[in-house]
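Working notes, structure below.
The values are calculated or read from the model by the stated rules, or taken from the named source; none is laboratory data. Note that this is a predicted model, so its numbers are computed, not measured. Heavy atoms of the whole protein, side chains included, go into the accessibility calculation; ligands, DNA and RNA do not. Shrake-Rupley method; radii C 1.70, N 1.55, O 1.52, S 1.80 Å.
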Amino acid sequence: MVLVDWAGTIFSTGLHIALPITAALLAANLALGMMTRAAPQLNIFSVGFPITLGAGFLTLYCSLLYLPPYLERFW
């Protein structure tokens, strides 16, 4: 039973860590989808990949400030 409890805690912690980045990437992809629908001549592959990559790294950089206290509480 302890092993199941640990697995749930690890899964929950991983979800809490990944959720802000996932939400930011979802928002970036939705915005790129609307841009593609509005301007079909825009090549989504040449524009979308750097924007998505930048949004992911920016969100990761901003969320690193809040990560150490959460991980200390987890340990």
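Express the accessible area of the chain per residue in Å², computed with a 1.4 Å probe while the remaining protein chains stay in the model.
Details: 6170 Å² over 75 residues.
Normalised by residue count, the accessible surface of the chain is 82 Å².
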Difference of contour (0.36 nm per residue) and Cα-Cα distance, Ala27 to Leu3: 5.1 nm
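Compute the length gained on full extension between Gln41 and Cys62: take 0.36 nm times their separation in residues and subtract their Cα-Cα distance, giving the result in nm to one decimal.
Details: separation 21, 0.36 × 21 = 7.56 nm, distance 3.31 nm.
Net length gain for the segment: 4.3 nm.
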Value of relative contact order over segment 4-71, rounded to a whole percent, pairs C-alpha under 8 Å and six or more apart: 40
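Can you send over the carbon and sulfur percentage of the accessible area for the chain, probe radius 1.4 Å, protein chains only? The partial results should precede the final answer.
On the way: 4770 of 6170 Å².
Taking all protein chains in place, the chain shows 77 percent carbon and sulfur surface.
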Derived scalar couplings ³J(HN,Hα) [segment 66-75; Karplus, 6.51 cos²θ - 1.76 cosθ + 1.60; whole Hz; x for Gly, Pro]: 8, 6, x, x, 5, 5, 5, 5, 5, 5
The chain: Rg to Rh, with Rh as the Kirkwood radius over Cα pairs: 1.18
